[in-house]
Each structure stands twice: as structure tokens, then as C-alpha cells.
Amino acid sequence: MMDKQNSKSTKPYHHYKTGKRALFIGGLVVLFIAVTPFLFYSYESFPDSQVWETSLFTIETSFPSWYAFAWYFTGKFIPLYLLLMWFFTCKHWWHWIILVPITMYAFQLWGVLNESNNLDELELIYLLPLMLVVVPVVYVIRAKLFDKVRGDDLKSFEEELALNKSTWQQIKDLFR
């Protein structure tokens with residue numbers, strides 16, 4: 001009598017558990033992205049007046065209306081929400097550079113929440129120190145990765161940096 005092979009894979013149980021978990025998390029990410037248009041257009045449900053009165057509360061805004069406040073809020077929150085999802089789900093080496101627009105939208109959202117009158121004006125001043133750190137670090141990571149991929153040694157990399165090149169040639173070299 002011939003033994004029948006078990007149709008199930010010989011992979012351990014934890015492999016299936018991880019696969020199901022990854023599928024579940026992927027499904028949540030898809031759902032969170034799919035609801036963004038509904039979240040964005042939620043500003044249309046806010047009142048078009050500076051005072052919002054309900055049976056539970058009465059609040060006032062310094063914006064022209066709660067509708068305008070909600071429009072500004074969703075215009076800053078939705079891109080921040082999507083960028084954060086991209087940052088936390090991205091597996092590429094360059095994902096750290098996404099921190100720059102994340103920080104920009106976070107400062108803008110903070111301005112909306114504080115009902116600042118100078119929306120979108122000063123965030124560059126606060127964003128510049130982050131950019132001065134993140135951009136060179138990402139470029140160094142890129143250089144080290146390409147060094148490993150091309151098989152160049154550090155000496156040839158230093159020699160290449162010492163070459164007197166035109167600005168256009170340096171820009172072209174960034175993308176080779």
C-alpha cells in the first residue's frame with residue numbers, strides 16, 4: 001500500500017501565522033488608504049459659522065467658520081496621515097527622507113490647531129535643521145550602498161570626490 005503524501009506543506013506553523021498576520025496588516029493599510037477621501041471630505045459636515053452649538057457643547061473658532069477650520073485641518077492632516085503610513089510601511093533605504101515632508105505637514109497642522117494667523121509661513125525655519133541632518137545622512141547611506149553595489153573601495157570613492165567637476169557633472173553623478 002502506497003503512503004499518500006500529505007497535501008499540506010511541510011512549512012512550520014509559525015510561517016502561516018506570519019503570512020496571515022502580514023495579510024491582515026496589509027488589509028488594514030489598504031482600508032486606511034481607501035477611507036482617505038471620506039476623511040478628507042468630512043470638512044463638509046462642519047457648520048459654516050464661527051460658533052458651533054449643539055446640545056452637548058458650544059465652541060467658537062478664530063477661523064472665518066468651522067467649515068474653513070475643518071477644510072484647513074483635513075488639507076494638512078490627510079497628507080500627513082498618508083506620509084506616515086508610507087514611512088512606516090516603506091522598506092526602501094531612502095524612506096528616511098520622507099521625514100522632511102512629514103515634519104513640514106506636522107508643523108502646518110500644529111499651526112491650524114493653534115488657530116495661527118500666519119499659516120504655512122514659518123515651518124521652513126523649523127524644518128531647516130531637520131533637513132540639514134536628514135538629507136546628508138540619506139545621501140551618505142546612498143553613497144555607501146552604491147559603493148557596495150559597484151564594488152568600489154573607499155580610496156577610489158575619495159579620489160572621485162577630489163576630482164574637480166563642474167556643477168552639472170556633480171548633479172549627473174548623483175543619479176548614476
### Message
Under 6 Å between Cβ atoms, which residue pairs at least 6 apart in sequence (or on different chains) link something in segment 85-113 that is closer than 19 Å to Ala70 by Cβ with a partner that is of a type in the set (D, E, K, R) and not in a helix (DSSP H, G or I)?
### Response
Gln108/Asp120
### Criterion: at pLDDT below 65 and either surrounded by fewer than 13 Cβ atoms within 10 Å (Cβ to Cβ) or closer than 24 Å to Phe73 by Cα (or both) - qualifying residue of Leu122, Leu145
Leu122
### Summary
Those residues of segment 29-62 that are exposed (fewer than 12 other Cβ atoms within 10 Å of the Cβ), of a type in the set (Gly, Ala, Ser) and not in a helix (DSSP H, G or I) come to a total of 2
### Task
Identify, by number, the condition in (1) closer than 20 Å to Glu44 by Cβ; (2) modelled with pLDDT under 85; (3) not aliphatic (A, V, I, L, M) that Gly75 doesn't meet.
(2)
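The values are calculated or read from the model by the stated rules, or taken from the named source; none is laboratory data. None of the values given here were measured: they were computed from a predicted structure. Note: ideal-geometry Cβ built from the backbone for every residue, glycine included; neighbour counts use all protein chains shown.
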